[in-house]
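Below you'll find the structure, written out as structure tokens, and then a few comments.
Values in this text are rule-based calculations from the coordinates and carry no lab data. Not measured: the values here are computed from a predicted model. FYI the Cβ positions are ideal-geometry reconstructions off the backbone, even for glycines, and counts take in every protein chain you see.
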Amino acid sequence: MSSANAREGILATLRAGLAAAPLSVPAPPARPASLSVGPDAWALLAAVLEPLEVRLRLAATPAEAARHVADIARERGAASYARWADLPAAAEMDAALAGLTRLEPNPSGCCQALARADLGLTFAQAALMDSGSLVLVAGPQRPRSVSLLPPTHVCLVPRAGLVADVSALPELLRRHAAASGAFPQGLLPSCLNLITGPSSTADIELVLVRGVHGPGALDVVGLDWDLE
Amino acid sequence: MEINPRDFREQSEKACHDATLRAVLDHATRYFQAKRGAALETFADRETHFARARAARLAALSRLPELLEQLEQTATAAGTRVHWAADAAQAREIITGIAQDCGAKVVVKGKSMVTEEIALNPALEAAGMEVWETDLGEFIVQLAGEPPSHIIAPCIHKSRADVAALFRAKLGLLGLSGLDGLPGQENLSDAASIPELTLLARKALREKFLAADLGVTGVNIAVAETGSVILVENEGNIRMSTTCPPVHVAVMSLEKVAATLEDAADILRVLPRSATGQKMSSYVSVLTGPRRPNEQDGARETHLVILDNGRSEVLAEPILREALLCFRCGACLNSCPVYQTIGGHAYGSVYSGPIGALLSSLLLPAQDTRDLPFGCTLCGACKRTCPLGIDHPRLMLRLRERVCQSSGTGLAGAAHSFLALHPLFYRLAVGAARAVDPNLDLLPRLPGFPGLANFVDTRQPPELKKPFSAQLLRLRKKQARTKKPHTNKGDA
Ligand code: SF4
């Protein structure tokens, strides 16, 4: 049987099944109200990140953000880093990390190149206060592997990106699809990642270990100013 | 290892007597239940979120054919090639074909029950490829040559010493070199710490990710309106499998579709909390088509395989189709007294526990699964646990009915059901039978009643009461025994 025949057969069986035994769906209850994003949003985010062993550092200026990133690099013993090309405060970051080797992702062997970096620096479109999830959208200047291959991942979170929970995701994705000239209209970005804490496993004896395939350390720097 | 639910009775019997297994299961099921319980306690509006997740799944089933067509269209528009597989053999053929077309030598796999269901690994290996399970637990059971034993924690049955011994014996096959800072695998001691073992696996598999030509994963949710696949995990191996190799194949069982991004979000609100007690799993990836021009990583070629393998037939069954709502959180396994006692392997299929007994019965040949719906106490713990409100006991009873209708206990069963409904006739019948056969042990051997042996075989009549004189005698003896220590007390 070919894949096309399979398709027809499957769809016909499904249709016949529903015709023989119609399935009516009662209207679901309304979605409960989400957390409201108020002046304590950073504190809420910090509190939900803490049990995940993720520290949130707040920065009021680009220079302070860069200092935080340099501190993290020192604490984690990083000698090299890779970053997304279009970060806020990118020049400040590079200056603060001048002592480290910057690895450039190249399209032919992006993963091979980034597997050697000690620290990956990215930027979140949003952060979910309910779960502490960072929302990263991949793109031409934003390889997925920067937040995945290095043992330490540092993520910048803008103040305007603080949202309540995962129910904000559909709108964010649609806005992104509509606004970004790089994508055909209506098409979602090729990859969106929700990142919630470091990579983890408890597969051996149910003992929690951080950093099994992805980064074992995740640090968040909150950009507490209005990005233009 | 050949696994088959046909041996369910025998295997569960064996598992019951395995004290180590019992201890491990006890520990694991308690651990998961405690984590989940703590997470749900602080989950505001829990029941409403559960109801919304159920509604999202129900909506998907109620419009399954049109949503799958829409998914095909949107995924194709995003650049993904969509394939339909009627059964396991066809799915294997499609995926092996894709692998051969891209000249794959090394294949990395993210944890997925559905690729286990279609027995993909042996097919790819037979085509000359090297296939690596990359979820730590799956990697360990792959090295051990065993099937996974739990949806969420495939190797809960292995101790750290087991894992150390396994790595010592088998990791050499990976041709690893230069594990700086780690004990070499030959002198890896049984006392190696769990983080050390984990790091060793990370290094071993990192090489495979970077060398892989093809990544194969399952699908947690496929979004019909956008053509996206959503993958949920904690380790990062699924992200690696979709980011590094040039080709990605996602295999979905056809019920995993959701109509909209909103429905997917409602499901994501509940799934991680119910599975592992996390507010969100470490990594949730929403992937739409291959990498775009100018992007530097991610698969260049993406495929989506829509697998039926018996599911479409279930949609016509008003009661049984509830099983298709399941999003595999694994919570009902941990709550089930039978699973807690016998574990996953005894079920003889990829799917274990309450939902496993249901799915296997629905998807596998009837003659192999007839015992599964009977391995259930109907206690209802699964139903109370399931965030999607699946009524497992009701489905279990429906399956029992099906089994009985198709097996030879018809006449005996009908007679018994008549007698059970008419107490007077029951007493008369049993009295008459007891008069000729006091312990009712000749009954199964009675000729001329088709199916009677089958029916009686699995039932035990109550023992006859002892006459009062015998009871009195026993009572006296017992009294004498209990008196003794009392009188001896003063001598001590
Ligand atoms: S049946 Fe319900 S509890 Fe069991 S795995 Fe599926 S969704 Fe989870």
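Counting only DSSP beta bridges with both residues in region A:40-223, what percent are antiparallel, rounded to the nearest 5?
Counting DSSP beta bridges with both partners in region A:40-223, the antiparallel share is about 30 percent.
Considering chain A as a Gaussian network with a 10 Å cut-off on Cα pairs, which listed residue, A:12, A:79, A:113, attains the greatest mean-square fluctuation?
Maximum among the listed residues: A:12.
For the protein assembly as shown, with only Lys/Arg (+1) and Asp/Glu (-1) charged at the beta-carbon, what is the dipole magnitude about the Cα centre, in debye rounded to 20?
3100
Can you tell me which aspartates and glutamates have their Cα less than 15 Å from the Cα of residue B:383? Leave out same-chain residues fewer than eight positions away.
Filter leaves B:47, B:322, B:391.
Considering every pair of different Cα atoms, what Kirkwood radius, in Å, is found for chain B?
25.5
For chain A, calculate the relative contact order in percent as a whole number, restricting contacts to Cα pairs under 8 Å that are 6 or more residues apart.
RCO, chain A: 23 percent.
So how much slack lies between residue B:191 and residue B:17, counting 0.36 nm per residue of separation and subtracting their Cα-Cα distance, in nm?
Value of the extension gain: 59.8 nm.
Given 0.36 nm per residue, what is the gain on full extension from residue B:81 to residue B:69 after removing their alpha carbon distance, in nm?
Working it through step by step, the gained length comes to 3.0 nm.
Considering every residue in B:219-228, what mean count of other chain Cβ atoms within 10 Å of its Cβ is obtained?
2
Choose one answer from A:171, A:92, A:205: the residue with the largest mean-square fluctuation in a GNM of chain A with alpha-carbon springs under 10 Å.
Judging by the Gaussian network model, the answer is A:205.
Just want the answer: with Cβ charges of +1 for Lys and Arg and -1 for Asp and Glu, which residue in A:121, A:151, B:38 is farthest toward the dipole's positive end in the protein assembly as shown?
Checking the options against the dipole of the protein assembly as shown, the answer is B:38.
I'd like the Kirkwood hydrodynamic radius of region A:40-223, using the inverse of the mean 1/r over distinct C-alpha pairs, in Å.
Roughly 16.8 Å, rounded to one decimal.
Cross-link partners among lysines for residue B:466, C-alpha distance below 30 Å, same-chain residues fewer than 8 apart left out?
Straight-line reach from residue B:466, under 30 Å: B:477, B:478, B:483, B:484.
Could you tell me the calculated FRET efficiency between residue B:480 and residue B:430, based on Cβ-Cβ distance and R0 = 41 angstrom, to the nearest 0.05?
Using R0 = 41 Å, I get an efficiency of 0.70.
Please work out whether region A:155-219 counts as rounded, prolate or oblate from its C-alpha gyration tensor, where a ≥ b ≥ c are the square roots of the eigenvalues and a/c under 1.5 means rounded, while otherwise a/b larger than b/c means prolate and anything else oblate?
prolate
Can you give the relative contact order of chain B as a percent, counting alpha carbon pairs under 8 Å and 6+ residues apart?
Over chain B, the number comes to 20 percent.
Just to confirm the number: angle between the C-alpha axis of helix A:62-75 and the first principal axis of chain A, 0 to 90 degrees, nearest 10?
For A:62-75 against chain A, the angle is about 90 degrees.
Grab the other residues whose beta carbon is less than 10 angstrom from that of residue A:205, score K and R as +1, D and E as -1, and report the net.
Overall, the nearby charge balance is 0.
How large is the charge dipole for region B:125-284, taken about the Cα centre, if only the Cβ atoms of Lys, Arg (+1) and Asp, Glu (-1) carry charge, to the nearest 20 debye?
Approximately 340 debye in magnitude.
Once all Cα-Cα distances of region B:18-311 are split into 10 Å bins that start at 0, what whole-number percent is in each one?
Over region B:18-311, the share of Cα pairs per 10 Å bin runs 6, 26, 33, 25, 9, 1 percent.
Kindly state, as a whole number, the per residue volume in cubic angstrom of the convex hull around the alpha carbon atoms of region A:99-145. If you can, show how the numbers build up before the last one.
Details: hull volume 4.6 nm³, N = 47.
In region A:99-145, the Cα hull volume divided by residue count equals 98 Å³.
About the Cα centre of region A:40-223, what is the dipole size in debye to 20, counting +1 per Lys and Arg Cβ and -1 per Asp and Glu Cβ, all else neutral?
The calculation lands at about 420 debye.
Dipole of the protein assembly as shown (Lys/Arg Cβ +1, Asp/Glu Cβ -1, origin at the Cα centre): which of A:54, A:29, B:298 lies farthest to the positive side?
So the residue we want is A:29.
FRET efficiency for residue B:316 and residue B:101, Cβ-Cβ distance as r, R0 = 30 Å, nearest 0.05?
Working: r = 36 Å, r/R0 = 1.21.
According to the calculation, E is roughly 0.25.
If you fit an axis through the alpha-carbon atoms of helix A:3-20 and take the longest principal axis of the Cα set of chain A, what angle between them do you get, 0 to 90°, nearest 10?
It is inclined by approximately 60 degrees.
Within 10 Å, Cβ to Cβ, of residue A:76, how many net charges do the neighbouring residues add up to if Lys/Arg are +1 and Asp/Glu are -1?
-3
Using a 7 Å offset from the Cα along the Cα-to-Cβ direction at both residue A:63 and residue A:226, what is the distance between the two label points in nm, to one decimal?
Here the modelled spin labels are 2.2 nm apart.
When the Karplus curve 6.51 cos²θ - 1.76 cosθ + 1.60 is applied with θ = phi - 60°, which whole-Hz ³J(HN,Hα) does each residue of region A:166-172 get, with x for Gly and Pro?
Karplus-based 3J(HN,Hα) across region A:166-172 equals 5, 5, 7, 5, x, 5, 4 Hz.
Considering only DSSP beta bridges where both residues belong to chain B, give the percentage that are antiparallel (nearest 5).
Values: 8 of 34 bridges.
Here the share of antiparallel DSSP bridges comes out near 25 percent.
Just going by the charge dipole of chain B, with Lys and Arg at +1 and Asp and Glu at -1 on Cβ, which of B:315, B:16, B:355 is farthest out on the positive end?
B:16
Binning at 5 Å from 0, report for region B:233-370 what percent of all alpha-carbon pair distances ends up in each bin.
2, 8, 13, 17, 19, 18, 12, 7, 3, 1, 0
State the number of lysine pairs found in region B:18-311 whose Cα atoms come within less than 22 Å, restricting to pairs 8 or more positions apart or on distinct chains.
Total qualifying Lys-Lys pairs in region B:18-311 comes to 22.
State, in angstrom, two size descriptors of the protein assembly as shown derived from its alpha carbons: Rg to one decimal place and Dmax to the nearest whole number.
When restricted to Cα atoms, the protein assembly as shown yields Rg and Dmax of 29.0, 100 Å.
What number comes out for the charge environment of residue B:336, summing +1 per Lys or Arg and -1 per Asp or Glu over other residues with Cβ under 12 Å away?
Around residue B:336, the surrounding residues sum to +2.
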